[in-house]
Each structure stands twice: as structure tokens, then as C-alpha cells.
Amino acid sequence: MTDQPSYRRRVSDTAAALRLCLWCLLAVAVEIALFLSYRGHDSRFHWFTHFFVGASAALLIMAVVAWRQRWPVRYPLIWPILGHLIAMFPDILFAQGIAHQRWMDVFLGHLNTHFMPGRNLTWYLVFLAALGFYLAVLGRIRRPLPAAALGAR
């Protein structure tokens, strides 16, 4: 005979793991599409720069939000993708025939990020620091358990 609560928990855990896998696949597919959008424009340089800058900004915002609400942000894979899209928005405009202009730096420093000393290596280190900061925040936040979980009635 099957222990119903234990079985339900396993089914629920499996469903949650499958949802996470689907989110990861979606995030990877979106980033591949963004990478391919730079064909003919030094894809690695432009994609990595704007990914690292956008994802770093997103991770820092995610850390602040998580710290304030004492809980991890919902849909954590969406945030870096949105940050990446914001950072590369002037390139989307460029593909539509709008030349780059200085005001486009409002999109996470779109133009100036390409002139950072060390270029993508520097942005990669910034990204790793932002990721480490976000993970450290997640490791420190503790939301109190509801009274029902503690056995109170």
C-alpha cells in the first residue's frame, strides 16, 4: 500500500523539478536566439558584453528585492534575460536603422560598456561578483516558518 502524503510529496517534487528544467530550457533558447541576432556583428563580443552587464544588474536588483522581502525572487531566470534585453535594446534599434547615439547609455551604459578596460573579462568578473552577492543574500535570508508548520493549532 502506498503512503499517500509521501507519494504526493514525491510527485510534487518531480513536477517542480520538471518545471525548473523547462524554465532553464526556455532561458537557454532565448539566449541562443539573442546570440544569433548578432550574426555578422561580432556575436561573442556584443552578446557577452550585454549579457554580463544586464545579468549583473538583474542579479544586484534580485539581491535587494530578496533581502527586502526576506524571500527569493519569483522566476529568477527571467530577471537576467530582461536585464540582457534592456542592455542590448539600442542594438535592437540599430537593426531597425537607428544609429547609436550617446543617450543610449541610459540602457545600462550600452555604448560605454564596450570600452571598459579588460572588456568582457572585466564584465565576467563583475557578473561573478553579482552572482556571488545574490547567492550570499539567499544564504542569509530566513523567513520565519508559519505557526502551522511548527505544529501550532
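Computed values, structure above
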| quantity | calculated |
| --- | --- |
| Breaking point among (1) touching an Asp or Glu at 6+ places or on another chain (Cβ under 9 Å); (2) surrounded by 14 or more Cβ atoms within 10 Å (Cβ to Cβ), for His41 | (2) |
| Scan of the stretch 78-103 for residues that are over 17 Å from Trp47 (Cβ atoms) and touching a helix residue (DSSP H, G or I) at 6+ places or on another chain (Cβ under 6 Å), ordered by number | Trp79 |
| Positions within the stretch 47-79 being among the small types (Gly, Ala, Ser) and closer than 24 Å to His114 by Cα, in sequence order | Gly54, Ala55, Ser56, Ala57, Ala58 |
| Residues satisfying the stated conditions in the stretch 119-148, i.e. at pLDDT below 90 and assigned to a helix (DSSP H, G or I) | Arg119, Asn120, Ala147, Ala148 |
| Among (1) touching a residue at least 60 places away in the same chain (Cβ under 8 Å); (2) under 16 Å from the mean Cα position of the chain (by Cα) - the single one His110 does not satisfy | (2) |
| Some residue of the stretch 3-17 being in contact with a Phe, Trp or Tyr (Cβ under 9 Å, 6 or more places away or on another chain) and in a helix (DSSP H, G or I) | no |
| Filter pass, Leu108 being part of a loop (DSSP other than H, G, I, E, B), among the hydrophobic types (A, V, I, L, M, F, W, C) and surrounded by 14 or more Cβ atoms within 10 Å (Cβ to Cβ) | yes |
| Hits in the stretch 53-80 - residues which are aromatic (Phe, Trp, Tyr) and either closer than 10 Å to Tyr134 by Cα or at pLDDT 95 or above (or both) | Trp67, Trp79 |
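Each row is one residue, and each column tells you yes or no for (1) surrounded by 15 or more Cβ atoms within 10 Å (Cβ to Cβ); (2) among the polar types (S, T, N, Q); (3) on the phi < 0 side of the Ramachandran plot; (4) in a helix (DSSP H, G or I).
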| site | (1), (2), (3), (4) |
| --- | --- |
| Phe35 | yes, no, yes, yes |
| Val64 | no, no, yes, yes |
| Val73 | yes, no, yes, no |
| Ile92 | no, no, yes, yes |
| Pro117 | no, no, yes, no |
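The values are calculated or read from the model by the stated rules, or taken from the named source; none is laboratory data. These numbers come from a predicted model, not from an experiment. Here Cβ is always computed from backbone atoms with ideal geometry, including for glycine, and neighbour counts include all displayed protein chains.
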